[in-house]
Amino acid sequence: MFAEFARTASRRAPLYQRLAAGIAEDLELAGLLLHAPPAQRQPVLLFACVHDLLLRGHDAAGLRAHYPNLRDGAPPAGDPVDALRAFCRRHHDALVGLLATRSTQTNEIGRCCLLLPVFGLLAAEVGPLSHLDVGTSAGLNLLLDRYHYTYEPGGEVGGPSPVRLVCGTRGDVPVPAAMPAVVERRGLDRDPVDVHDPDQARWLEACVWPDQTDRFERLRAALELARASELVIHRGDAVTDTAPLVLAAAAHPVVTNTWVLSYLSSDERRAYLAALEECGTRRDLSWVFAESPQFVPELPVDDRDDEATALVLVRWRGGRRHVAHLARCHPHGYWLHWR
């Protein structure tokens with residue numbers, strides 16, 4: 001898994017690419033991940049646990065100096081894998097505790113760049129929207145109409161905002177001329193993040209890749225915005241608790257998932273899709289997801305061999321389902337290629 005991560009890590013993550021390659025050659029380091037529950041055994045969880053300890057100020061091995069978001073100036077000479085190895089040995093017990101109890105919580109607001117054009121299409125079709133974000137983490141994607149967007153090409157959307165997002169586009173992306181009307185916003189998560197809790201907010205920061213300093217800075221800005229917004233987030237299960245929230249929505253319900261469904265089992269995913277189908281027989285509903293067909297084979301997509309994230313809109317109108325595979329996109333929202 002670490003070798004595959006090193007092979008596929010983008011050029012925007014050279015530190016994690018180098019660390020993953022080193023971990024793949026070190027059974028002691030790689031074996032740390034076995035302390036995590038089976039569903040959470042992903043390289044990014046170990047990286048997040050290390051990052052969390054660094055953000056707390058633990059750094060006896062000089063590892064912090066290799067993290068671009070935590071240093072000023074150029075990185076030091078030397079192999080970061082050696083520093084990681086020393087760090088993990090010194091903080092072994094703390095890492096084991098985090099691995100056993102934490103789950104990946106990447107509330108990546110860059111994905112709002114993918115959602116906004118679809119919200120614009122839906123608002124033009126049905127009017128005001130009720131947004132239900134399933135797997136919402138801290139609920140930051142619920143604030144999508146309060147961020148400023150630059151689509152290149154495509155233009156700018158939104159007023160002044162402390163959160164500014166940039167997305168490269170190809171094809172005829174329907175960038176909205178104005179923000180769609182979102183009149184109700186609710187989140188649902190098994191273990192929601194309380195933005196007012198410093199430890200929980202820090203964990204969100206820890207899940208950001210340190211090479212991507214822009215993500216780190218805009219996450220902190222979005223957290224400040226969320227603290228002032230008093231978002232409504234429900235603790236619950238996607239399979240059993242989505243339907244009641246959809247059916248109670250004050251306006252046209254739009255359910256969103258962004259890189260969430262891969263954390264459900266195959267049986268859970270099938271049950272979730274069945275729950276949405278049942279909702280669609282009872283009221284008009286829209287479902288927008290940005291997910292990987294390779295990790296979630298149950299999804300209704302056209303091309304299951306494409307490694308890119310798929311942006312798909314599923315509409316239920318008058319009890320009938322319509323699927324539109326809209327775009328290929330970057331998992332963090334850096335680019336959007338409309339089909």
Response to the item:
Over its alpha-carbon atoms, segment 2-101 yields an Rg and a Dmax in Å of 12.8, 38
Fill in: Test item: Cα-centred dipole of segment 2-101, Lys/Arg +1 and Asp/Glu -1 on Cβ, debye
240 debye
Discussion item. Which residue, LEU115, VAL246, TYR263, has the largest displacement toward the positive end of the dipole of segment 112-270 when charges sit on each Cβ (Lys, Arg +1; Asp, Glu -1)?
Written reply: LEU115
Worksheet item: Once every DSSP H run of n ≥ 4 in the chain is given -39500 (n - 2.57) and the sum is divided by its residues, what mean residue ellipticity at 222 nm do you get, rounded to the nearest 500 deg cm²/dmol?
Response: -11000 deg cm²/dmol
Discussion item. Output needed: Cys residues of the chain lacking any neighbouring Cys C-beta below 4.7 Å, sorted by number.
Written reply: CYS49, CYS88, CYS112, CYS207, CYS279, CYS329
Worksheet item: For the chain, modelled as a Gaussian network with Cα springs under 10 Å, which listed residue fluctuates most, PRO293, PRO117, PRO76?
Response: PRO76
Worksheet item: Could you give the distance between the Cα centres of segment 202-227 and segment 84-145, to the whole Å?
Response: 10 Å
Worksheet item: Can you give the FRET efficiency for ARG12 and TRP338, using 1/(1 + (r/R0)^6), R0 = 22 Å, r = Cβ-Cβ distance, to the nearest 0.05?
Response: 0.50
Worksheet item: Between ALA251 and ALA77, what is the FRET efficiency for a Förster distance of 41 Å, r being their Cβ-Cβ separation, to the nearest 0.05?
Response: 0.10
Worksheet item: Is the shape of segment 263-338 rounded, prolate or oblate, going by the alpha carbon gyration tensor and its root eigenvalues a ≥ b ≥ c, with a/c under 1.5 for rounded and a/b larger than b/c for prolate?
Response: oblate
Practice prompt. Can you tell me how much longer the chain between LEU27 and GLU298 gets when fully stretched, taken as 0.36 nm per residue apart minus their C-alpha distance, in nm with one decimal?
Written response: 94.2 nm
Item to complete: Can you give me the P(r) profile for segment 87-221? Cα pairs, bins 10 angstrom wide beginning at 0, each as a whole percent.
Response: 11, 36, 32, 14, 6, 1
Worksheet item: Amide H neighbours of LEU165 under 5 Å, counting only residues 5+ apart in sequence or on other chains, H built in-plane at 1.01 Å?
Response: HIS148, TYR149, THR150
Discussion item. For VAL255, what residues show an amide H to amide H distance below 5 Å, using hydrogens built from the backbone and excluding near sequence neighbours?
Written reply: LEU132, SER286, TRP287, VAL288
Worksheet entry | For the chain, the fraction of alpha-carbon pairs in successive 10 Å shells from zero, as % | 5, 25, 34, 24, 10, 2, 0
Worksheet entry | Chain lengthening between THR281 and SER265 when straightened (0.36 nm per residue, less Cα-Cα) | 3.3 nm
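Placing +1 at every Lys and Arg Cβ and -1 at every Asp and Glu Cβ, with all other atoms neutral, what dipole size does the chain have around its Cα centre, in debye to the nearest 20?
300 debye
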Worksheet item: Between VAL323 and GLU230, what length comes free when the chain is fully extended (0.36 nm per residue of separation minus the Cα-Cα distance, one decimal in nm)?
Response: 30.1 nm
Discussion item. If I take every Cα pair under 8 Å that is 6 or more residues apart in the chain, average their sequence separation and divide by the length, what percent do I get for the relative contact order?
Written reply: 17 percent
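Laboratory data are not the source of any read-out in this text; all were calculated from the coordinates shown. None of these values were measured; they are calculated from a predicted model. Backbone-built Cβ (ideal geometry, glycine too); neighbour counts: all protein chains shown.
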